[in-house]
Amino acid sequence: MSYERAIMAVRFSKEFVGTQFHPEADPVGMRAHFLADANKYKVIANFGEEKYDDMMEKMDDPDKIIKTHKIILPKFIERAMKQLSSQLIS
């Protein structure tokens with residue numbers, strides 16, 4: 001089964017970005033969530049066991065959720081706060 005990639009975020013302005021993922025998710029919490037039988041079987045029923053296995057394997061990929069949680073989100077928030085602060089001072 002093939003899945004198309006999608007846009008994950010869109011910048012609407014300097015201060016506002018729409019995202020298509022759950023930035024609050026952390027690798028440990030996500031793994032626990034999808035290991036729970038009800039969630040596991042729901043993913044398998046909708047997308048197949050191969051997709052579930054692939055998803056679980058990617059949980060530990062340093063370029064995926066780990067990078068988002070540890071680097072991308074903190075940098076985004078820091079940059080947005082600096083921009084907002086400079087606009088308030090001006």
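The values are calculated or read from the model by the stated rules, or taken from the named source; none is laboratory data. Predicted model only: the values in this text are computed from it and were never measured. Because the Cβ atoms are built from the backbone with ideal geometry, glycine has one as well, and the counts that use them run over all protein chains shown. To get the accessible areas, we keep the full protein, side chains included, count just its heavy atoms, and leave off ligands, DNA and RNA. Shrake-Rupley method; radii C 1.70, N 1.55, O 1.52, S 1.80 Å.
Residue by residue through the stretch 55-72, note down the ones that are open to solvent by less than 70 Å² (accessible area, probe 1.4 Å) and within 15 Å of Leu35 (Cβ to Cβ).
Of everything in the stretch 55-72, those that are open to solvent by less than 70 Å² (accessible area, probe 1.4 Å) and within 15 Å of Leu35 (Cβ to Cβ) turn out to be Met55, Met56, Lys58, Met59, Ile65.
Mind listing just one residue for me: the one in the stretch 20-44 that is modelled with pLDDT under 90 and out of contact with any helix residue (DSSP H, G or I) (no Cβ under 8 Å at 6 or more places or on another chain) and, of those, least open to solvent (accessible area, probe 1.4 Å)?
The extreme case among them is Gly29.
Taking only pairs six or more apart or across chains, which ones have beta-carbon atoms under 9 Å, a first residue in the stretch 73-90 that is hydrophobic (A, V, I, L, M, F, W, C), and a second residue that is surrounded by fewer than 10 Cβ atoms within 10 Å (Cβ to Cβ)?
Leu73/Glu24; Ala80/Phe16
Of all residues in the stretch 73-85, how many are open to solvent by 80 Å² or more (accessible area, probe 1.4 Å) and under 27 Å from Val28 (Cα atoms)?
Total satisfying the criteria: 4.
In the stretch 25-70, what residues are in contact with a Phe, Trp or Tyr (Cβ under 8 Å, 6 or more places away or on another chain) and not hydrophobic (A, V, I, L, M, F, W, C)?
Once the filter is applied, which keeps residues that are in contact with a Phe, Trp or Tyr (Cβ under 8 Å, 6 or more places away or on another chain) and not hydrophobic (A, V, I, L, M, F, W, C), the stretch 25-70 yields Lys40, Lys51, Tyr52, Thr68.
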